[in-house]
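What follows is calculated from the coordinates using simple rules that are stated; it is not laboratory data. What you are looking at is a predicted structure, and each value in this text was computed from that prediction instead of being measured. Cβ: placed from backbone, ideal geometry, glycine included. Neighbour counts: every protein chain shown.
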Amino acid sequence: MTTNIHPLPLSDRIEVLDILRGLAIGGILIGNMQWFSGYRMGWESISADAASIDRAVNFAVHWLIEGKFYSIFSFLFGFGFAMQIARAEERGDTKAAIFKRRLFWLLVIGVLHAYLLWAGDIVSIYAVLGFVLLLFRKKSDRSLIKWIVALMAIPIVWYSALYILFISFAPPDVQQQIDAGQAEFFQNGVEQVRNSSYLQIITGFNLDYIVGRYAGLIFDMRLPKILAMFLIGVLAYRRKAFEDRILIRKMLVFALPFGLVINLAFAYVAGKEAMMPPSLPGIAGVILYVVGVPSLALGIAALVATVWQNGAGRFVLSALAPVGRMALTNYLLQTAICVTIFYGYGFGYFGKLMPSEVTLIALVIFLSQIITSSLWLKFFAYGPVEWIWRQLTYKKRLPLWRSSGN
């Protein structure tokens, strides 16, 4: 029964989804650069003396980039999940065996990426939450909407509870202790990354970073936000969102300007969605993030879909499609390039460059990926990591060279 199962042919792909994936990969890189480069670790202490352009770029990253493109990618993950589940059911695979195997190997890739290269990996998080997403495949649209609202509310309730506990029981000098501890942690991190060998990084810094990152994802309640965007993607597939011009127009008219305004307020109030120790500005930041980030992400997606549907800008946007078709390869390649630039076993620029400089580097990297992805896919059917991933998923040899059917 499984012998005829194969990846989706190129002719059956939805180009706007690949374009959005490509755009998301570029936005994710710009957002990640503050951590790849280490400037975010010391930004609070140097921001007052930073050049105007660096302060402006840092603010713009919070306003327009941070969280938005991960949210677009999460939305697309949910959309793709619904599409794959529908195809599986058409061929009688009611247990989603192929999708589960796909998630398993994605988890393996993500864990290897986190440990061997960069602990800021998101692939492993998507894989784990993908298994959770399977629990929602039979839910009605009404039920999905209720779950989305509930998942979005969790971070607000959680952080508000932390604030109440903090003001009720925390000792008076805890603010100074947290600030001092964080400054020491960041300084030690900068020195460790800048001066360590590869072996020292993967046996020391990466292990500590992985534990801290996953603990932070749980503590900040980031996981419910990601899962909520997955479910929004499932709803979008069910309602054929990219074929509905009226729905896309509504998202463009309402979600985009609303998201821009709310995220502007978010960037002013908090700069990030949760601050420690808990505070009233932190609560405001959490609320603005929960409301604003999905709105702007969906508004950007609607803008891209509108331009793509109208055809006028389709030629320009189509340049992003190859990046999206090999999104996993490009995501991992971004890590490989950035750790080589910034880590001690490479050129050692960690903590030495400012926001404007690292953002320029990100744009150069992404432009090179637009070019190389297009060239690669002229000759090959898949990106190299996608090719390996698909073969593991489908348990069969797949041709890498492009043919008329791919």
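Dipole check for the chain: with +1 at the C-beta of Lys and Arg, -1 at the C-beta of Asp and Glu, and the Cα centre as origin, the magnitude is about 1960 Debye.
Compute log10 of I(q)/I(0) for the chain with the Debye formula, placing one identical point scatterer on every Cα and leaving out solvent, at q = 0.09, 0.10 Å⁻¹, to two decimals. At q = 0.09, 0.10 Å⁻¹ the computed log10 ratios are -0.56, -0.70.
Structure remark: mean-square fluctuation, Gaussian network model of the chain, C-alpha springs under 10 Å; the largest value among Gln176, Gln187, Gln84 belongs to Gln176. Proximity of backbone amide H atoms, modeled 1.01 Å from N, is registered between Phe380 and Arg402 at under 5 Å, excluding neighbours fewer than 5 places apart on the same chain. Oblate is the label for the stretch 246-353, because the ratio a/c of its alpha-carbon gyration tensor axes (a ≥ b ≥ c) is 1.5 or higher and a/b is not greater than b/c. Considering only Ser71, Thr359, Ala60, the residue lying farthest towards the positive end of the dipole of the chain is Ser71, judged by Cα position with unit charges set on Cβ. Between helix 206-219 and the chain there is an angle of about 90 degrees, using the helix long axis and the longest principal axis of the Cα atoms. At 37 °C and 0.692 mPa s, grab the translational diffusion coefficient of the stretch 345-406 from Stokes-Einstein with a Kirkwood Rh over Cα pairs, rounded to a whole number in µm² per second. Rounded to a whole number, D works out at 227 µm²/s.
What is the ratio of the Cα radius of gyration of the stretch 188-293 to 2.2 N^0.38 Å, where N is its residue count, to two decimals?
It is 1.47.
So for the chain, taking the charge dipole from beta-carbon charges (+1 Lys/Arg, -1 Asp/Glu), which of Ile167, Gln177, Phe258 sits furthest toward the positive end? Going by the charge dipole, the pick is Phe258.
Over all other residues within a Cβ to Cβ distance under 15 Å of Val307, the charged ones net out to +1, with Lys and Arg as +1 and Asp and Glu as -1. The overall shape of the stretch 325-367 is oblate: from the C-alpha gyration tensor, with semi-axes ordered a ≥ b ≥ c, the ratio a/c is 1.5 or greater and a/b is no larger than b/c. For Glu15, Glu184, the sequence from fewest to most other C-beta atoms within 10 Å is Glu184, Glu15. Please state the shape class of the stretch 158-241: rounded when a/c is under 1.5, otherwise prolate if a/b exceeds b/c and oblate if not, all from the C-alpha gyration tensor. Taking the square roots of the gyration eigenvalues as a ≥ b ≥ c, the stretch 158-241 is oblate.
Against the main long axis of the alpha-carbon atoms of the chain, helix 384-394 sits at an angle near 60°. Database remark: amide H of Gly38 closer than 5 angstrom to the amide H of Gly351 (H placed geometrically; neighbours at sequence offset of 5 or more, or on other chains; Pro and chain starts carry no H).
Each residue of the stretch 278-283 is assigned a 3J(HN,Hα), and the resulting list reads x, 8, 5, x, x, 4 Hz, derived from the Karplus form 6.51 cos²θ - 1.76 cosθ + 1.60 (θ = phi - 60°), x at Gly and Pro. Only helices enter this figure: runs of n ≥ 4 DSSP H residues, each worth -39500 (n - 2.57), summed and divided by the residues of the chain, yield -23000 deg cm²/dmol at 222 nm to the nearest 500. Note on the stretch 273-319: semi-axes of the ellipsoid equivalent to its C-alpha gyration tensor, largest first and rounded to whole Å, are 36, 9, 5.
Note on the chain: with a GNM built from Cα contacts shorter than 10 Å, the maximum mean-square fluctuation among Phe379, Phe36, Phe266 falls on Phe379. In degrees, nearest 10, range 0 to 90: what is the angle between the Cα axis of helix 123-133 and the longest Cα principal axis of the chain? For helix 123-133, the angle is close to 70 degrees.
Comparing Val323, Val111, Val211 in a Gaussian network model of the chain (Cα springs below 10 Å), the most mobile by mean-square fluctuation is Val211.
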